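Derivation of every value follows stated rules applied to the coordinates shown; laboratory data play no part. This structure is a prediction, so every number in the text was calculated from the model and none was measured. Here the Cβ is made from the backbone with ideal geometry for all residues, glycine too, and neighbour counts use every protein chain on show.
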Amino acid sequence: MYEFVNFYLIPGLVLGSIYALGAIGVSMLFSILRFAHFAHGDMMTLAAYLALPVVVGLGLHPLAGAAAAALMTSVVALGIDKVGYQPVRARPTIVSAMVSLGIALMIRSAIQVGYGVKTQSYTTGQITPPLRFDWLIVQERHIWIIASSMVLMLAVHLLLSRTRAGKAMRAMSDSAELAQLTGIPTERVVRLTWVVGASLAAVAGVFAAWDTFLQTMLGWFLLLPIFAATILGGIGRPYGAMIGGLVIGLAEELSTYPWLGTEPLISPGYKTGVAFAIMVAILIFRPHGLFKGRVF
Amino acid sequence: MSAPVLELADVSGGYGEADILHGVSLTVSAGEIVVVIGPNGAGKSSAIKAVFGLLRISSGEIRLAGENITGLSTEKLIGRGISYVPQTGNVFPNLSVEENLELGAYTSDEDWRPRAGEIYDMFPPLAERRRQAAGTLSGGERQMVAIGRALMVKPKVLLLDEPTAGLSPAFQDDILSIASDINASGVPILMVEQNAKQALEIADRGYILVDGRNRLEDAASVLLSRADVAEMFLGG
């Protein structure tokens, strides 16, 4: 029991939280800009590196690094939107998707040039002992990651359901045309969407780096499970993306639990394959995602 | 004589290269319901879209209370007091009735709640369904949401594009009597209608457009009584 919770369930929730934060952004961007944002993973990598001087240089807590990275990544995302996506906004959305693929490669290359390709870490050398509550053993950072992800998801919920700006986002996701006829400033809604999506991606990127280490392919490897989570929750549904992220994260970790006998059910090397398999299954059997009805 | 509330003066324009309207003129005066009728493709909806800045205007002028408003942005037009209810896709289906109304007042800084209360008084069925997603309502109720949304900004003139299209006959009568009530509360209405006869019955004046040109204009009662109009445009 304690093995299951400590080594499978908690890491699954941590991974799931990271996926969920990424998937919310992908889902929102899709519902408002109508394209698959392939640069989301590399935006996460960028954020992780942007937090490096804050965490290692200034010696601040990684959460402070995440906040700083969210701010900086939002600015970068707005800049990219201005030069990359706005000029092709009126074109078919596949053009924007292709632009995002190019931007993904550019971000990654820029990081490789700027920071080098060696792996780095927020925690240099010292190993923090885990917290123990009787049989429950948990890393302090895991508590922070899960708790702050929950807070951020609640914040997204409040934004979408309680604020005029959030309702304008949902309106635009319903019908951009009617939103415009209603006098909603659609470009401003687009910018807000970038800020929200980039901030969540930034936090997820810093968390992923905090839990493992920094390397330039960090976000790219997260992109597939994040897309799986987005599709699982129903593309364009932020609430679905939250659930989808947690489900994919848990599925990846729990699939390596020795459910039958003493060997892992699936070798940990194939974890990513689990996300991929779920994505394929969903696309075949429930292409609109798990949930019916309301979009968000 | 004071300037009409809304005036199209010799307006030509279209969507791509070709013009759909060829010098259309019409006016809406204070307190009036004006109906634009005509065969399919006559440019009726285009005339309304021209007012709301959704048509490329190649010549002519659109005036609101005498002021030229040709080419203004949607936001500015709403700010000046024009509200438009498109024929289709006129509600946010996944948003609740109340949220639809709230967003109708997006351009206004005033508190939207008192106005929403007035809208609920006007459309009692909506009050019961304020938390329900607009997409789950019946066609007639959805049309009420659409009109209610447009009324949130207390418009000086309301543009309705075929408000009864796709509704059952009972709902058609409901929506037209709602239009009549809104008008009685002091809002002039410019309306395009396929159900020409019913629409003229609540209207003050009517315009008949053919091929993007004015064909005929007169008091609604006169148009209704003319045998030739009935035969050609009112379905006998």
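Structure values in brief
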{"quantity": "Proximal aspartates and glutamates relative to B:LYS154, as straight alpha-carbon distance under 12 Å, when same-chain residues fewer than 8 apart are discounted", "calculated": "B:GLU110, B:GLU118"}
{"quantity": "Which of A:TYR115, A:TYR2 has the fewest Cβ neighbours within 10 Å, and the rest in rising order", "calculated": "A:TYR2, A:TYR115"}
{"quantity": "Two-site FRET efficiency, A:HIS288 against B:SER185, from Cβ-Cβ distance with R₀ of 56 Å, rounded to 0.05", "calculated": "0.85"}
{"quantity": "Projected-area average for the stretch B:1-79 over all orientations - Cα convex hull basis, square nanometres", "calculated": "5.5 nm²"}
{"quantity": "Selected from B:LEU224, B:GLN198, A:PRO225, residue furthest toward positive end of dipole (the protein assembly as shown; charges at beta carbon)", "calculated": "A:PRO225"}
{"quantity": "The stretch B:87-154: relative contact order in percent, alpha carbon pairs under 8 Å with at least 6 residues between", "calculated": "51 percent"}
{"quantity": "Theoretical FRET efficiency, 1/(1+(r/R0)^6), r = Cβ-Cβ of A:ALA147 and A:THR119, R0 30 Å, to 0.05", "calculated": "0.65"}
{"quantity": "Highest to lowest packing among B:50-57, B:143-150, A:162-169, scored as the average C-beta count within 10 Å", "calculated": "B:143-150, B:50-57, A:162-169"}
{"quantity": "Rg followed by Dmax, in Å, when chain B is reduced to its Cα trace", "calculated": "17.2, 51"}
{"quantity": "Interchain or long-range residues, amide H under 5 Å from B:GLY60's placed H", "calculated": "B:SER12"}
{"quantity": "Linear extension gain, A:LYS82 paired with A:LEU105, 0.36 nm per residue minus alpha-carbon span", "calculated": "6.5 nm"}
{"quantity": "Chain A: calculated mean residue ellipticity at 222 nm from DSSP helix runs of at least 4, using -39500 (n - 2.57)", "calculated": "-22000 deg cm²/dmol"}
{"quantity": "Net length gained if the chain between B:ASP10 and B:ASP218 were fully extended (0.36 nm per residue, minus Cα distance)", "calculated": "73.1 nm"}
{"quantity": "Local electrostatic count at A:ILE111 - Lys and Arg +1, Asp and Glu -1, tallied over other residues with Cβ under 15 Å", "calculated": "+1"}
{"quantity": "A:ARG91-A:LEU60 FRET efficiency (beta carbon distance; Förster radius 41 Å; 0.05 resolution)", "calculated": "0.45"}
{"quantity": "Rg ratio (alpha-carbon, reference 2.2 N^0.38 Å) - chain A", "calculated": "0.99"}
{"quantity": "Peptide-level mean, for B:130-141, of C-beta atoms on other protein chains within 10 Å", "calculated": "1"}
{"quantity": "Dipole in debye (nearest 20) - the stretch B:87-154, about Cα centre, beta carbon charges: Lys, Arg +1; Asp, Glu -1", "calculated": "200 debye"}
{"quantity": "Average Cα contact separation per residue, chain B, under 8 Å, 6 or more apart, as relative contact order %", "calculated": "27 percent"}
{"quantity": "Test item: Cα-centred dipole of the protein assembly as shown, Lys/Arg +1 and Asp/Glu -1 on Cβ, debye", "calculated": "1320 debye"}
{"quantity": "Backbone HN-Hα couplings from phi across the stretch B:50-63 [Karplus 6.51/-1.76/1.60, Hz, Gly and Pro as x]", "calculated": "4, 4, 8, x, 9, 10, 6, 9, 9, 7, x, 9, 10, 10"}
{"quantity": "Lys pairs under 29 Å by Cα in chain A, provided they are eight or more residues apart or on distinct chains", "calculated": "4"}
{"quantity": "Residue exposure sequence - A:ASP174, B:ASP161 - by fewest surrounding Cβ within 10 Å", "calculated": "B:ASP161, A:ASP174"}
{"quantity": "Reach of B:LYS44 by Cα under 18 Å, taken over lysines that are not fewer than 8 positions away in the same chain", "calculated": "B:LYS197"}
{"quantity": "Charge dipole of the stretch B:87-154 about the Cα centre (unit charges at C-beta), most positive-ward option of B:ALA133, B:LEU103, B:ILE119", "calculated": "B:ALA133"}
{"quantity": "Antiparallel %, DSSP beta bridges [both residues in chain B], to 5", "calculated": "55 percent"}
{"quantity": "Full-stretch length increase - A:GLN126, A:PHE221 - with 0.36 nm per residue and alpha-carbon distance subtracted", "calculated": "31.6 nm"}
{"quantity": "Sequence of B:HIS22, A:HIS157 once ranked by neighbouring C-beta atoms within 10 Å, starting from the fewest", "calculated": "A:HIS157, B:HIS22"}
{"quantity": "Using θ = phi - 60° and Karplus 6.51 cos²θ - 1.76 cosθ + 1.60, couplings along the stretch B:83-90 (whole Hz; Gly, Pro as x)", "calculated": "10, 10, 10, x, 5, 10, x, 9"}
{"quantity": "At least 30 Å along the helix axis (C-alpha) and Kyte average at least 1.6, DSSP helices within chain A", "calculated": "A:10-33"}
{"quantity": "Chain A: relative contact order in percent, alpha carbon pairs under 8 Å with at least 6 residues between", "calculated": "36 percent"}
{"quantity": "Tail beyond 17 Å, pair distance distribution of the stretch A:1-89 (Cα, percent)", "calculated": "61 percent"}
{"quantity": "Given charges at beta-carbon only (K, R positive; D, E negative), |dipole| of chain B in Debye", "calculated": "240 debye"}
{"quantity": "Distance cut-off 18 Å, percentage of C-alpha pairs in the stretch B:87-154 lying past it", "calculated": "24 percent"}
